[in-house]
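Presented below is the structure to which this report refers.
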Amino acid sequence: MDLVTFGEAMVRLTPPDFQRLEQARSFDAYVGGGELNVAVAAARLGAASRWVSRLPENALGHMIANAARQQGVDARIEWSNDDRAGLYFAELGAAPRASSVLYDRAASAISRIAPGSVDWQSVFDGARWFHVSGITPALSESAAKVTAESLLAAKKAGLTVSYDLNYRSKLWSAERARAVQEPLMEHVDVLITTEEDTRVVFGIGAEAKGSYEQVDAESYAHVARALEKKFKLRAVAITLRENPRVLLNSWSAIVAADNKIHRAPRYEVEVVDRIGAGDAFSAGLIVSRLESNGWEESVRFATAVSALKHSIPGDFCLVTRGEVERLLQGASLRVSR
């Protein structure tokens with residue numbers, strides 16, 4: 001097993017054709033969740049991936065587990081007879097109306113996971129990398145304790161640990177997020193984040209004034225270096241999104257590592273569905289590093305993977321290795337016949 005991830009996955013319901021939730025009479029159903037999205041993308045890119053979670057023993061729980069397995073992910077599930085699956089509703093917008101998410105995940109099965117319930121030694125046996133995000137400890141006090149437990153176990157087992165800050169203001173306050181996550185950084189090797197999340201959670205922001213329409217990459221480099229120094233991290237990756245229109249974005253990334261700033265190309269992306277793009281980036285970075293590639297090559301590969309995700313409905317990054325390689329080589333947008 002190359003990669004292990006840990007976190008919640010939910011059933012996502014999206015109204016078709018850019019409808020508002022209140023006018024919808026049908027929904028497109030998907031499965032998704034940060035850490036599962038990473039495991040799926042990594043599996044599709046060639047890594048042996050395992051996802052650890054807790055699900056209800058009912059049709060929705062099996063829908064989620066089946067979706068993971070269908071994509072080649074080894075799903076290690078603690079089944080519960082008394083809990084529920086989390087749901088979320090994603091309303092896709094178009095300028096000037098932004099997309100929005102409505103959660104229905106309170107008291108979901110994984111929020112009731114208990115410390116000591118996961119045999120981390122067995123889960124990590126033979127693995128090389130562990131990934132989790134800031135969404136998991138936000139779910140409940142017990143989920144936060146198990147997140148800390150998992151990080152300690154991963155380091156004891158000698159795994160490389162990556163952590164996507166993934167701040168969700170609808171789940172917890174910035175103050176609570178900081179109090180819980182700062183101690184976790186002691187066990188993290190690679191932090192994956194955005195400048196906005198680090199500013200809100202850790203109080204480290206760009207020196208230059210920027211906007212969502214125009215990103216100052218050098219200021220983001222300053223943020224990455226500050227995080228690297230503050231938490232003694234091996235590497236810090238920051239994704240860069242310019243958001244002049246809901247459906248037209250620019251996408252790039254940087255990595256601070258080895259006393260250098262490594263930069264990826266900038267992609268113009270037409271947004272079919274941006275949910276899961278950050279997870280696709282994490283997967284690409286992890287897979288490339290597992291293949292012993294340098295940080296420059298890895299951030300370029302990860303950014304290409306995540307750029308492609310914007311073009312795919314649903315949370316999962318359903319791409320092939322060949323598609324990523326063609327994009328890195330400057331693929332044409334003409335119809336492939």
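All of the numbers you see were taken from the coordinates with simple rules; none came from a lab. This structure is a prediction, so every number in the text was calculated from the model and none was measured. FYI the Cβ positions are ideal-geometry reconstructions off the backbone, even for glycines, and counts take in every protein chain you see.
Observations
- Mean Cβ neighbour count within 10 Å, used as a protection proxy, ranking 244-257, 317-330, 93-106, 76-89 highest first: 244-257, 76-89, 317-330, 93-106
- The HN-Hα couplings worked out from phi for segment 227-237 by the Karplus form 6.51 cos²θ - 1.76 cosθ + 1.60 (θ = phi - 60°) are 5, 4, 6, 4, 9, 6, 8, 6, 7, 10, 10 Hz, whole numbers, x standing for Gly and Pro.
- The modelled label-to-label distance between Asn66 and Gln329, using points 7 Å beyond Cα along the C-beta direction, is 3.8 nm.
- Two-decimal ratio, the chain, of alpha-carbon radius of gyration to 2.2 N^0.38 Å: 0.93
- Residues of segment 128-143 with amide N under 17 Å of a point placed 7 Å along Cα→Cβ from Ser173: 138-141
- Full extension of the segment from Phe231 to Thr320, taken as 0.36 nm per residue of separation minus the current Cα-Cα distance, would add 28.6 nm.
- Label zone of Ser26 (point 7 Å out along Cα→Cβ, amide N under 20 Å): in segment 305-334 this covers 313-315.
- Its alpha carbons considered, segment 49-123 gives a radius of gyration followed by a Dmax of 15.2, 49 Å.
- Between the listed residues Ala47, Ile64, Ala95, the Cα displaced farthest toward the positive end of the dipole of segment 1-112, a dipole computed from Cβ unit charges relative to the Cα centre, is found at Ala95.
- Using R0 = 25 Å, the C-beta based FRET efficiency linking Glu218 and Asn293 works out to 0.50.
- Dipole magnitude for segment 1-153: about 280 debye, using +1 per Lys or Arg Cβ and -1 per Asp or Glu Cβ, origin at the Cα centre.
- Against the rule of thumb 2.2 N^0.38 Å, how large the Cα Rg of segment 201-332 comes out: 1.03
- Distance between modelled label sites at Trp79 and Ala106, nm, 7 Å Cα→Cβ extension: 2.9 nm
- Rg then Dmax, both in Å and based on the Cα atoms of segment 86-245: 17.0, 49.
- C-alpha center-to-center spacing [segment 187-206, segment 266-337] in angstrom: 22 Å
- Packing-based order for 195-202, 265-272, using average beta carbon neighbours within 10 Å, highest first: 195-202, 265-272
- Student exercise, segment 69-152 dipole from Lys, Arg, Asp, Glu Cβ charges, in Debye to nearest 20: 240 debye
- Per-residue ellipticity at 222 nm computed for the chain from its helices equals -10000 deg cm²/dmol, with DSSP H segments shorter than 4 residues left out and the rest contributing -39,500 (n - 2.57).
- Kirkwood Rh and Cα Rg combined as Rg/Rh, segment 1-156: 1.00
- With θ taken as phi - 60° and the Karplus curve 6.51 cos²θ - 1.76 cosθ + 1.60 applied, the whole-hertz 3J(HN,Hα) list for segment 45-50 is 8, x, 8, 6, 10, 10 Hz, x standing for glycine and proline.
- Volume in Å³ per residue [convex hull over Cα atoms, computed for segment 223-300]: 97 Å³
- A simple spin-label model places pseudo-atoms 7 Å from Cα toward Cβ; at Leu247 and Ala94 they are separated by 0.4 nm.
- Note that segment 10-55, at 4 °C in a medium of 1.567 mPa s, gets a Stokes-Einstein diffusion coefficient of 103 µm²/s from its Kirkwood radius over C-alpha pairs.
- Karplus-derived HN-Hα couplings along segment 253-269 (A = 6.51, B = -1.76, C = 1.60, θ = phi - 60°), whole Hz, x at Gly and Pro: 6, 9, 10, 9, 6, 6, 6, 9, 10, 9, 10, 9, x, 9, 10, 8, 10
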